[in-house]
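The values are calculated or read from the model by the stated rules, or taken from the named source; none is laboratory data. Keep in mind that what you see is a predicted model, and the values were worked out from it rather than measured. Please note: Cβ atoms are built from the backbone with ideal geometry, for glycine as well, and neighbour counts cover all protein chains shown. For the accessible areas, the whole protein counts, side chains as well, though only heavy atoms, and no ligand, DNA or RNA atoms are used. Shrake-Rupley method; radii C 1.70, N 1.55, O 1.52, S 1.80 Å.
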Amino acid sequence: NQGFYRVFYIKGKHNITFRGKGGIFGDAHDHLYTDPFAGTNYYGEFGHIFSFGNCHNITIKELTISDAFGDNIYIGCSINVDKTEGFISSDIVIKNCNINYARRNGLTANAHNMFVSDCYFEGNGSDEIRGTAPRSAIDVESDYISIDSELGNKNIQISDCSFLNNKYDLFSLFMPNKGKICLKMLYLMLS
């Protein structure tokens with residue numbers, strides 16, 4: 001019934017590899033909605049299988065990652081306490097993975113030099129698991145660029161991936177330094 005969890009929380013580490021033929025599963029299909037998160041009825045943005053902040057040289061290969069209450073994989077920044085400085089993750093490879101049925105996003109990317117290839121994305125953000133916004137297979141979002149423009153995404157490459165029954169296949173959120181929020185929705189029928 002938790003509104004916030006991380007199976008793997010990795011911050012400020014380098015040269016990380018997760019590889020194998022196995023799977024890591026959350027509870028998106030069976031989650032209990034009995035207690036609110038932080039005194040509200042808001043649930044699910046922070047239920048991650050993998051959560052990386054300020055990590056470099058990350059490789060995830062040949063795994064099934066499924067059923068996160070929030071994001072199956074979150075690759076992002078690490079921000080200091082007073083939110084005056086941030087440190088972004090970089091040099092990420094995600095290859096030959098099945099990334100399925102995350103309530104929020106299959107993969108959320110806020111990184112530099114990220115390569116996603118030959119992955120299969122199914123059911124992310126779907127109504128079947130009570131999806132929560134932005135409900136995408138892949139969400140390329142630049143958090144914290146109002147703190148530092150270097151915290152935006154750079155060199156994100158997605159190739160040879162398959163998408164099936166995700167609420168949205170791709171979503172992108174850009175937040176310019178001037179405080180405006182501009183949404184650009186990319187709804188691609190790639191399956």
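Applying 1/(1 + (r/R0)^6) with R0 = 30 Å to the Cβ-Cβ distance of N96 and R130, what FRET efficiency is obtained, to the nearest 0.05?
Values: r = 29 Å, r/R0 = 0.96.
It comes out at approximately 0.55.
Once the piece of chain linking D118 and H29 is laid out straight, how much longer is it, given 0.36 nm per residue of separation minus the C-alpha distance between them? List each step's numbers first, then the result.
Values: separation 89, 0.36 × 89 = 32.04 nm, distance 2.53 nm.
Stretched fully, the D118-H29 segment lengthens by 29.5 nm.
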For this session: Consider a paramagnetic label point 7 Å from the Cα of L164 along Cα→Cβ; state which residues of region 107-139 have an amide N under 19 Å from it.
Result: 107, 117-129, 136-138
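Please sort 21-34, 65-78, 144-157, 87-100 by packing, taking for each peptide the average over its residues of neighbouring beta carbons within 10 angstrom, highest first.
65-78, 87-100, 144-157, 21-34
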Exercise. Under a point spin-label approximation (7 Å from Cα along Cα-to-Cβ), what is the E150-Q2 distance to one decimal in nm?
Worked result: 3.3
Seminar exercise, completed: Sorted on mean Cβ neighbours within 10 Å (highest first), peptides 49-57, 10-18 come out as 49-57, 10-18
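Determine the alpha carbon to alpha carbon distance for each of K61/K154; K11/K95; K21/K61 and list only those over 19 Å. Walk me through the intermediate numbers first.
Details: K61/K154 22 Å; K11/K95 21 Å; K21/K61 9 Å.
Pairs exceeding 19 Å: K61/K154; K11/K95.
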Exercise. Round to a whole number: what % of the accessible area of region 1-144 belongs to carbon and sulfur, probe 1.4 Å?
Worked result: 50
